[in-house]
Amino acid sequence: MPNWLHLMADSLGPLLWAGLIFTIPLTLLSFAFGLVLGLITAIARLFGPAPVAAIARFYVWVIRGTPLLVQLFVIFYGLPSIGILLDAFPAALIGFTLNIGAYSSEIIRAVISSVPKGQWEAAYSIGMNWRQAMSRTILPQAGRVAVPPLSNTFISLVKDTSLAAAITVPELFQAAQRIVATTYEPLILYIEAALIYLALSSVLSAMQVRLERRFARYGGMLEANA
């Protein structure tokens, strides 16, 4: 076996373990919390009072207008200067959650706005209040439209978690960096890490296609019944 292949085989286990223990949980938690934050932000911008909507717009403006890496550095390295100390993983989780919340809020705001006004009127006409109309009529329709862009956001997040290595989170990419520090083989190890990210993204992309097809069929059935 060639030396480079032997090195890749030896390092595969530690890289996959780091991905399982840190990369995947960081991705799932950040996306889940980010979706909740994005939904709240979108609703605040669409239906909240002017001061609340202004705060939501400001939050989205700041997060979308600054690099994710800078946001992570501010949280992990900057906040200790004012007495707020965070471990690496919670700091990364907060940073990714805030980032996903801002971007997903724009997606959610757009898909809620795309639901025809007649759907609101129909919900009110059968006695629903605002909360019931939103949860039973508007969000189910908007959610189907939001699947493709939110899926793309999730796949991008999987790759963006590599930035957590910059604040010492021992995820997949930092595991590769540590092996490089002992083997002095950056090309081989970084290519291997890239291939793992590529495999994860490919699997998620295939799942996205199947999910989109399922929602497309469901949406077609609804339209046919209507």
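Classify the stretch 69-203 as rounded, prolate or oblate from the Cα gyration tensor: take a ≥ b ≥ c as the square roots of its eigenvalues, call it rounded if a/c is under 1.5, otherwise prolate when a/b beats b/c and oblate if not. Because a/c hits 1.5 or more and a/b fails to exceed b/c, the stretch 69-203 counts as oblate. Scalar couplings 3J(HN,Hα) for the stretch 15-26, obtained by applying the Karplus form with A = 6.51, B = -1.76, C = 1.60 to θ = phi - 60°, are 5, 5, 5, 4, x, 6, 7, 10, 5, 5, x, 4 Hz; x denotes Gly and Pro. Dipole magnitude for the stretch 3-216: computed about the Cα centre from +1 point charges on Lys and Arg Cβ and -1 point charges on Asp and Glu Cβ, it is near 940 debye.
Just so you know, the Cα atoms of the chain work out to an Rg and Dmax of 21.3, 72 Å.
Rounded to the nearest Hz, the phi-derived 3J(HN,Hα) couplings of the stretch 69-84 under the Karplus curve 6.51 cos²θ - 1.76 cosθ + 1.60 (θ = phi - 60°) are 4, 5, 4, 5, 5, 4, 5, 7, 9, x, 4, x, 5, 10, x, 9, where x marks glycine and proline. Counting heavy atoms of the protein chains alone, ILE94 has an accessible area of about 70 Å² for a 1.4 Å probe. Taking Cα centroids, how far is the stretch 68-112 from the stretch 129-147 in Å? The distance from the Cα centre of the stretch 68-112 to that of the stretch 129-147 comes to 27 Å. Angle between the Cα long axis of helix 172-183 and the longest principal axis of the chain, 0 to 90 degrees, nearest 10? Tilt of helix 172-183: around 10 degrees.
Dividing the alpha-carbon radius of gyration of the stretch 71-144 by the rule-of-thumb value 2.2 N^0.38 Å gives 1.70. Ligands, DNA and RNA left out, the 1.4 Å accessible surface of the chain is 69% carbon and sulfur atoms.
Solvent exposure of the stretch 3-216 amounts to 54 Å² per residue of accessible area, where only protein heavy atoms count and the probe is 1.4 Å.
Projecting each Cα onto the charge dipole of the stretch 130-212 (Lys/Arg +1, Asp/Glu -1 at the beta carbon, about the Cα centre), which of ALA175, PRO148, PRO186 comes out farthest on the positive side? Checking the options against the dipole of the stretch 130-212, the answer is PRO148. One chain, two ends: VAL52 and GLN177. Fully extended at 0.36 nm per residue, the span grows by 40.7 nm beyond their Cα-Cα distance.
Once the dipole of the chain is set up with Lys and Arg at +1 and Asp and Glu at -1 on Cβ about the Cα centre, which of ILE75, GLY34, PRO116 lies farthest towards its positive end? Going by the Cα projections, it comes out as PRO116.
The values are calculated or read from the model by the stated rules, or taken from the named source; none is laboratory data. As the structure is a prediction and not an experimental result, all values here were calculated from the model. Note: ideal-geometry Cβ built from the backbone for every residue, glycine included; neighbour counts use all protein chains shown. Areas reflect the complete protein model, heavy atoms only, side chains present, ligands, DNA and RNA absent. Shrake-Rupley method; radii C 1.70, N 1.55, O 1.52, S 1.80 Å.
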